[in-house]
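Have a look at the structure below before the remarks.
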């Protein structure tokens, strides 16, 4: 019988499914909610027994909650480093959750759109993620999960301040809306400053592929809200829908159009050099591979490349990452071995198209 980890490796993952509104530029929409159990201290003050009791309480609630019966449950502290890293690569847990200690749990739907981290920074972080710009659908689903859990546990809630959280920046609604964007044209035209200005004006944060403290590998950027207190969930989501994301998508589309009109040969050179390297290299680092795949993905969406399909490119974004690569190889690999296996993976997959 296969394990949940084995099932995860065999599928592409929700965040790179490649469909949904504005999917050419908007990779995914994710909403998280931070919640804590009444009667338990925040994790920074909890001892080992209290942490274990939080896990037991929430795991029991998850097994009884409406719509969550089919979720996989994995005890993070019982997984080896490779499996924890794989879950980070899938955006099912955070690096903080993977690198923590003591009792902690992840529960997620087999399709990976929904997940819950227990004992990360707060007692529980609920997450729903969808491909493309799907703010309303994502909110409706995470709100239903929140309501389902609320029937079985008591969350710490203050009548004036709202949900109480370990970090003051999450107090209030406890909501984090995060939209992942692919912005290669703005990067190539040195116009990313526009995104920064738009985000600053709206009091938003811009982070890399795996969230806070990570680099924007492969021209992927996460834009998320920083304020949760004093605003409703609907107001925060509406900013993303009406103002933030359409403006950034407009900037990226304009940059792509400018490249097609004014710098077509330079654009084609970037795209085809990337394709050539992926099809012929014998060593390939993660960073280099992400950049090449980024240019190939843009080439597909602007119609300058048709020799590979988008699904293959999206799968390679996942499969080339270190933990996935080692799982697919069935053995532990050092840095050079991973670079060799990664290059071989690209040659094998791209030669099929």
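Structural remarks
- Test result for residue 280, modelled with pLDDT of 95 or more, in contact with a strand residue (DSSP E or B) (Cβ under 9 Å, 6 or more places away or on another chain) and not assigned by TED's automatic domain parsing to the domain that holds residue 22: no
- Qualifying position, being touching a strand residue (DSSP E or B) at 6+ places or on another chain (Cβ under 7 Å) and farther than 30 Å from residue 160 by Cα, among 183, 229: 183
- Scanning region 43-64 turns up no residue that is closer than 20 Å to residue 327 by Cα and either surrounded by fewer than 19 Cβ atoms within 10 Å (Cβ to Cβ) or at pLDDT 95 or above (or both).
- When 173, 228 are checked against the criterion of being within 29 Å of residue 71 (Cβ to Cβ), outside the structural domain of residue 310 (by TED's automatic domain parsing), at pLDDT 90 or above and crowded, with 20+ Cβ neighbours inside 10 Å, 173 stands alone in meeting it.
- Just one of the listed residues (93, 76) is buried (at least 22 other Cβ atoms within 10 Å of the Cβ) and closer than 29 Å to residue 235 by Cβ, namely 93.
- A single entry from 63, 32, 51 fulfils the requirement of being assigned by TED's automatic domain parsing to the domain that holds residue 154, part of a helix (DSSP H, G or I) and in contact with a strand residue (DSSP E or B) (Cβ under 9 Å, 6 or more places away or on another chain): 63.
- Here residue 285 clears all of (1) over 23 Å from the mean Cα position of the chain (by Cα); (2) outside the structural domain of residue 179 (by TED's automatic domain parsing) except the condition numbered (1).
- In region 313-345, the residues that are surrounded by fewer than 16 Cβ atoms within 10 Å (Cβ to Cβ), outside any helix (DSSP H, G or I) and either within 21 Å of the chain's Cα centre (by Cα) or touching a residue at least 60 places away in the same chain (Cβ under 8 Å) (or both): 332
- Output for region 284-307, where each listed residue is in a helix (DSSP H, G or I), out of contact with any helix residue (DSSP H, G or I) (no Cβ under 6 Å at 6 or more places or on another chain) and farther than 12 Å from residue 217 by Cα: 301
- Screening residue 111 on (1) closer than 30 Å to residue 246 by Cβ; (2) in a loop (DSSP other than H, G, I, E, B); (3) in contact with a strand residue (DSSP E or B) (Cβ under 9 Å, 6 or more places away or on another chain) shows it passes everything except condition (3).
- Residue within region 79-88 that is closer than 28 Å to residue 207 by Cβ, modelled with pLDDT of 95 or more, buried (at least 21 other Cβ atoms within 10 Å of the Cβ) and touching a strand residue (DSSP E or B) at 6+ places or on another chain (Cβ under 6 Å) present: no
- Subset of region 19-42 [within 25 Å of residue 71 (Cα to Cα), surrounded by fewer than 22 Cβ atoms within 10 Å (Cβ to Cβ) and at pLDDT below 95]: 19, 20
- Hey, residue 102 touching a residue at least 12 places away in the same chain (Cβ under 8 Å), in contact with a strand residue (DSSP E or B) (Cβ under 6 Å, 6 or more places away or on another chain) and part of a loop (DSSP other than H, G, I, E, B) or not: no
- Check on residue 74, in a helix (DSSP H, G or I) and in contact (Cβ under 8 Å) with a residue 60 or more places away in the chain: no
- Residue in region 299-310 that is modelled with pLDDT of 95 or more and loosely packed, with under 15 Cβ neighbours inside 10 Å present: yes
- Residues within region 276-296 that are crowded, with 20+ Cβ neighbours inside 10 Å and over 21 Å from residue 328 (Cβ atoms), tallied: 2
- Restricting attention to region 123-165, the residues that are outside any strand (DSSP E or B), more than 30 Å from residue 24 (Cα to Cα) and in contact with a strand residue (DSSP E or B) (Cβ under 8 Å, 6 or more places away or on another chain) add up to 9.
The values are calculated or read from the model by the stated rules, or taken from the named source; none is laboratory data. Note that the structure is a prediction, hence the values are computed from the model and not measured. Don't worry about glycine lacking a Cβ; one is built from the backbone with ideal geometry, like all the others, and counts go over all protein chains shown.
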